[in-house]
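Worksheet: the structure to be examined is printed underneath.
The values are calculated or read from the model by the stated rules, or taken from the named source; none is laboratory data. Here the structure is a predicted model, which means the values were calculated and not measured. Because the Cβ atoms are built from the backbone with ideal geometry, glycine has one as well, and the counts that use them run over all protein chains shown. These accessible areas exclude ligands, DNA and RNA; they are computed on the full protein's heavy atoms, side chains included. Shrake-Rupley method; radii C 1.70, N 1.55, O 1.52, S 1.80 Å.
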There are 2 protein chains.
Amino acid sequence: MINSLPKRTETFLNGGEVVAEDSRPGESCMILKGFAARSHYSRDGSRQISALHVPGDFVDLHAYLLRVMDHGVIAIGSCEVAYVSYDSIRRVTEESPHLGRLLWLSTVIDGAIQRAWVTCLGRRTAEQRMAHLLCELYLRLEAAGIATGNSFHLPLTQSQLADLLGLSVVHVNKKLQKLRLSGLVDWRGGIVVIRDFGDLARLAEFDPTYLSLRVETR
Amino acid sequence: MINSLPKRTETFLNGGEVVAEDSRPGESCMILKGFAARSHYSRDGSRQISALHVPGDFVDLHAYLLRVMDHGVIAIGSCEVAYVSYDSIRRVTEESPHLGRLLWLSTVIDGAIQRAWVTCLGRRTAEQRMAHLLCELYLRLEAAGIATGNSFHLPLTQSQLADLLGLSVVHVNKKLQKLRLSGLVDWRGGIVVIRDFGDLARLAEFDPTYLSLRVETR
DNA sequence: CGTGTAGTTGATAGTGCTCAATTTTAGTGG
DNA sequence: CCACTAAAATTGAGCACTATCAACTACACG
């Protein structure tokens, strides 16, 4: 669908600024390879990452309507993105209502993932949040055809993970070790191996409904 | 805009189920009077409220595209809502692209509010979360023409507040008292009085940009 | 006037944070 | 291939914030 749109592609290294916070972009970006994250900085220098994006995700389509970026987008590991201009997007939505609906749908699924994340931050322990993240990522990557077997590449620093989970680096480190010891997951040097998805999902109280991976007519 | 659509209205008491979790509704609801909240239940009985809605909000428009509700909607205090059928919504989006864009916009602003809430849960203390909530609500209610002066009606139980902030009831109670003592806010018996919005916003590190209250052409 | 819900209190325990130091890993130039 | 360096990961100790438990009070309603 998006393949038909004119675009320019660009590659970023870890930490690279894909879209700047508070900017007013004239184009939206889609991840082609690698990962990107939505980041929010506070005045005291602390950071919260509110979403992690995988290939196929339209990261900042909402800015097409909101005009101003309420967050920045940074590369996690090396990351290749395609920028599509708002003009193209507008043309698509006007000429093809069906494709317009799919764009709307993608922002709406994005919202569902955010809601699940709110629940995660509000009501789960550190260990559960980590497990939940891995369950979600595994399914999203599998749906994107990227996860091989029960393992995937995830170049996420423990410090970035801490900002994603709303925890401190030290605590993340300790709980990650506990997860490894439990034998459910092995995550080391950018490679995640899920040893027992069922038990991991049980630990995380993970229910994949919100990911909307089931095929529905819309 | 919505006034032109055919609808049925209904009134709920505190805690009433406006839309059921996991259901597949055939209509979307808009708040006319009072408040409603998105609630997610866990297996262990704990609950997280992921959003609080004020009059004018289209609470579950996303289900028009997602088909399945990933959360429930409950009334906070007594609450009057209007249900609009998906057929009407579909007709509007097809006949008037501009109104369609406004509907899309409303789901996208909803997403921005959720992102801000993720940052709040991940990186702010109990007191700051409470202050942030009040700042946000005040501006939203003012924009909806409901907040009078520096005060508004908010029939939120401390237990509901705890589920919204991701805290325990006991802790909410103690921090609320601290807020009262500080003189920034007086919240008692369902009435919130903001004594010093500036200081409250400073405490919460509140930045209203994400609410998209500025008028932009879209 | 009894009953139930909401709000309040105090004590104790646990989860996660901060600080500071140390080890490991990855990348660079010689 | 090795030395050098910076970033990332790891460790331990002490502390702060928040949860849990168990009363107890205040208030609304029939």
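Could you state the angle between the C-alpha long axis of helix B:86-95 and the longest principal axis of the C-alpha atoms of chain B, as a value from 0 to 90 degrees rounded to the nearest 10? Rounded to the nearest ten degrees, it is 70.
Diffusion coefficient (Stokes-Einstein, Kirkwood radius over C-alpha pairs, 4 °C, 1.567 mPa s) for chain B: 72 µm²/s, rounded to a whole number. Note that region A:156-161 has calculated 3J(HN,Hα) couplings of 9, 5, 5, 6, 5, 4 Hz, one per residue in order, obtained from phi through the Karplus relation 6.51 cos²θ - 1.76 cosθ + 1.60 (θ = phi - 60°); glycine and proline are x.
Of the residues A:SER50, A:SER4, ranked by 1.4 Å probe accessible area with the largest first, the sequence reads A:SER4, A:SER50. Over region B:125-211, the alpha carbon radius of gyration divided by the compact-protein estimate 2.2 N^0.38 Å works out to 1.00. Considering only protein heavy atoms, what is the solvent-accessible area of A:ARG195 at a probe of 1.4 Å, reported in Å² to the nearest 10? My reading of the accessible area for A:ARG195 is about 140 Å². Around the amide H of B:LEU154, modelled in the peptide plane, lie the amide H atoms of B:ILE191, B:VAL192, all under 5 Å away and 5 or more residues distant in sequence or on another chain.
Close amide H partners of B:ILE76, meaning residues 5 or more places away or on another chain with modelled amide H under 5 Å apart, are B:GLY15, B:PHE35, B:ALA36, B:ALA37.
For region A:164-170, 3J(HN,Hα) computed residue by residue from phi via the Karplus equation (6.51, -1.76, 1.60; θ = phi - 60°) reads 6, 8, x, 10, 8, 4, 4 Hz, glycine and proline entered as x.
With every protein chain in place and a 1.4 angstrom probe, the accessible-area ranking of B:HIS132, B:HIS98, A:HIS171, largest first, reads B:HIS98, A:HIS171, B:HIS132. 3J(HN,Hα) along region B:135-151, derived from phi through the Karplus expression 6.51 cos²θ - 1.76 cosθ + 1.60 where θ = phi - 60°, amounts to 4, 4, 4, 4, 5, 5, 5, 5, 4, 7, x, 10, 6, 9, x, 10, 9 Hz, with x in place of Gly and Pro. The listed residues B:THR107, A:THR157, A:THR148, once ranked by accessible area (1.4 Å probe) with the largest placed first, stand as A:THR148, A:THR157, B:THR107. Highest mean packing first, where packing is the average number of other Cβ atoms within 10 Å per residue, the peptides A:57-69, B:16-28 line up as A:57-69, B:16-28. Each principal axis of the Cα cloud of region B:107-175 was taken in turn, and the coordinate range along them, longest first, works out to 33, 26, 17 Å. For region A:2-97, the C-alpha radius of gyration sits at 1.07 times the compact-globule guess of 2.2 N^0.38 Å, with N the residue count. Take the convex hull of the alpha carbons in the protein assembly as shown; its mean projected area over all directions comes to 20.1 nm².
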